[in-house]
Each structure stands twice: as C-alpha cells, then as structure tokens.
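Chemist: Pasting a structure below so you can have a look.
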Amino acid sequence: MYLYVKALHIIFVVTWFAGLFYIVRLFIYFAEAADKPEPEKSILQTQFKLMQKRLWYGITWPSAILTLLFGVWMLYLYTGFQNIPGWLWLKIAFVAGLFLYQFSCQKIFRQQQNDLVKQTSTQLRIWNEVATLFLFAIVFLVVLKSSLNFIWGVVGLVLFGVILMLAIRIYKKLRTS
C-alpha cells in the first residue's frame with residue numbers, strides 16, 4: 001500500500017509544482033499586458049484571467065490538497081505518526097513554506113482577477129523562482145535524508161538562489177537590449 005500512496009503523492013507533487021510555475025508565468029503575462037494599448041490590453045487580460053482561473057482551481061489547488069492528503073497518509077504508513085526523523089520534520093517545514101507561497105500566489109491571483117496589477121513583471125519573475133528554491137530543498141531532503149549535512153544544504157540553497165537571481169538579471173538585460 002505504501003508504494004501506491006507514495007506514487008500518487010509524487011504525481012500530485014509534480015502537478016502542483018507545474019501549476020505553481022505556470023500560474024506565476026500567467027501573472028507575468030497579465031502584468032505585461034497592462035502596458036499594451038486598448039483593445040489589445042483588454043483582450044489579453046481577459047484571456048489570461050480565464051487561463052489563471054482554470055489553472056488555479058482546476059489543477060493547482062486540487063493538486064496541492066491531494067499532495068497534502070497523500071503526504072499525510074504516507075507519513076502515517078511510514079511512521080505511524082511516531083518517531084518522525086529530523087529530516088522529515090525539515091521537509092514538513094519546507095512544505096508548510098510552500099503552502100505559504102501558494103497563499104501569497106492566491107493573493108496575487110485575486111488582485112489580477114480584479115484587474116489590479118501591483119507587481120512588475122520583474123518582481124513576478126523573481127517570485128516565480130521562490131517555488132524553484134522550495135523544489136530543490138524538498139527534493140534534496142527526500143533523496144539525501146539524514147546524510148545531508150544541514151550547513152552544506154543551506155549553503156547550497158543560498159548559492160542556488162544567488163545563481164537564479166543572477167540569471168534573472170542577465171535575462172532582463174538581454175530582453176531589454
């Protein structure tokens with residue numbers, strides 16, 4: 001039973017991350033459409049709002065909830081909710097952070113559904129990389145478990161974040177030149 005639950009958990013983690021990555025791309029496109037002249041602006045933003053709504057409520061939220069349900073089920077099968085290893089507590093903390101990220105995306109989603117653009121496309125591109133940091137942290141924790149030295153893990157995560165930020169800056173320069 002455990003392996004079936006684990007497989008379903010992994011499938012919904014993948015679809016959840018796909019939704020998180022794509023929703024922020026749609027936020028970026030919506031923000032960039034705000035600078036277009038009418039009627040192009042209205043046409044694009046109407047389409048992006050529809051795409052956001054279908055993605056958010058049809059894929060991202062259901063995947064997040066199913067990931068959580070199968071994760072808790074798997075935790076029960078793995079530990080019986082007793083003697084949970086340290087690496088797993090850290091993974092749970094990162095997953096909680098990922099849910100906070102999703103709630104922040106929910107706020108942006110509501111703003112854009114109400115035709116409000118409060119972030120620039122560059123700010124949203126940076127925001128999109130936060131999910132990438134969570135993905136790397138969670139996958140490394142699950143694969144390496146307790147063999148991961150916490151200090152080196154944090155150093156690696158920070159370096160990865162710096163590389164992502166540099167890549168965003170380079171991309172912005174290439175885009176504007």
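FYI, it's all coordinate maths here, none of it is from the lab. Remember, it's a predicted structure, so these values are computed and weren't measured experimentally. So basically every Cβ, Gly included, is an ideal-geometry build from the backbone, and we count neighbours across all protein chains shown.
Chemist: Give the angle, between 0 and 90 degrees and rounded to the nearest 10, that separates the Cα long axis of helix 121-144 from the longest principal axis of the Cα atoms of the chain.
Modeler: Compared with the principal axis, the helix lies near 10 degrees.
Chemist: About the Cα centre, and with charges only on the beta carbon of Lys, Arg (+1) and Asp, Glu (-1), how big is the dipole of the chain? Nearest 20 debye, please.
Modeler: I would put it at about 140 debye.
Chemist: Follow-up. Using packing as a proxy for protection, rank 158-164, 103-109 so that the peptide with the highest average count of other Cβ atoms within 10 Å comes first. Please report the intermediate quantities before stating the final value.
Modeler: Working: 158-164: 13.0, 103-109: 15.7.
Highest-to-lowest ranking by the protection proxy: 103-109, 158-164.
Chemist: Going down the list LYS36/LYS107; LYS41/LYS172; LYS49/LYS91, which pairs span over 30 Å between their C-alpha atoms? The partial results should precede the final answer.
Modeler: Numbers: LYS36/LYS107 24 Å; LYS41/LYS172 22 Å; LYS49/LYS91 33 Å.
The answer is LYS49/LYS91.
Chemist: Relative contact order of the chain: what whole-number percent is it, with Cα pairs under 8 angstrom and at least 6 residues apart? Working shown, then result.
Modeler: On the way: 129 pairs, mean separation 54.2, N = 177.
Averaging sequence separation for qualifying contacts and normalising by length gives 31 percent for the chain.
Chemist: Most mobile of TYR22, TYR101, TYR57 per a Gaussian network model of the chain (Cα springs, under 10 Å)?
Modeler: So, out of TYR22, TYR101, TYR57, the one fluctuating most is TYR57.
Chemist: Here's a follow-up. Find which of PHE17, LEU3, THR120 sits farthest along the positive direction of the dipole of the stretch 2-176, computed with +1 on the beta-carbon of Lys and Arg, -1 on that of Asp and Glu, about the Cα centre.
Modeler: THR120
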